[in-house]
Amino acid sequence: MRLLYFAWIRQQTGIGEEEVPLPTGISDVSGLIEWLRERDANFSTALEDISALRVAVNQEFATFDTKITDRDEVALFPPMTGG
């Protein structure tokens, strides 16, 4: 699975993108976020408030209950603002 991190998530974690196998037992975005939080203190801080996160799966906006597979691309980013 390809994971992409943008804006302050990238800054906090020091990672812009990575390839990881889908962890055993994880089937949706919410589970993936929980797994990321548990794996590293920087991710725990960056992903602490999921209400401040937006997610895309395979370049389509998604929700936290969206199902994911090992072949998916998941992007995590803050809400966008316009001007």
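The values are calculated or read from the model by the stated rules, or taken from the named source; none is laboratory data. All figures in this text were calculated on a predicted structure; none of them were measured in a lab. Don't worry about glycine lacking a Cβ; one is built from the backbone with ideal geometry, like all the others, and counts go over all protein chains shown.
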Flag for residue 21 being touching a Phe, Trp or Tyr at 6+ places or on another chain (Cβ under 9 Å) and surrounded by fewer than 17 Cβ atoms within 10 Å (Cβ to Cβ): no
Index of the failed condition, residue 64 passing every other in (1) more than 10 Å from the chain's Cα centre (by Cα); (2) over 20 Å from residue 15 (Cβ atoms): (1)
Pair list, Cβ under 6 Å, 6 or more apart: the range 47-66 residue modelled with pLDDT of 95 or more, other residue surrounded by fewer than 13 Cβ atoms within 10 Å (Cβ to Cβ): 54/79
Positions within the range 35-83 being among the aliphatic types (A, V, I, L, M), in contact with a helix residue (DSSP H, G or I) (Cβ under 9 Å, 6 or more places away or on another chain) and assigned to a strand (DSSP E or B), in sequence order: 55, 57, 62, 74, 76
Filtered residues of the range 1-34 (kept if of a type in the set (A, V, I, L, M, F, W, C) and either part of a loop (DSSP other than H, G, I, E, B) or under 10 Å from the mean Cα position of the chain (by Cα) (or both)): 1, 3, 4, 6, 9, 15, 20, 22, 26, 29, 32, 33
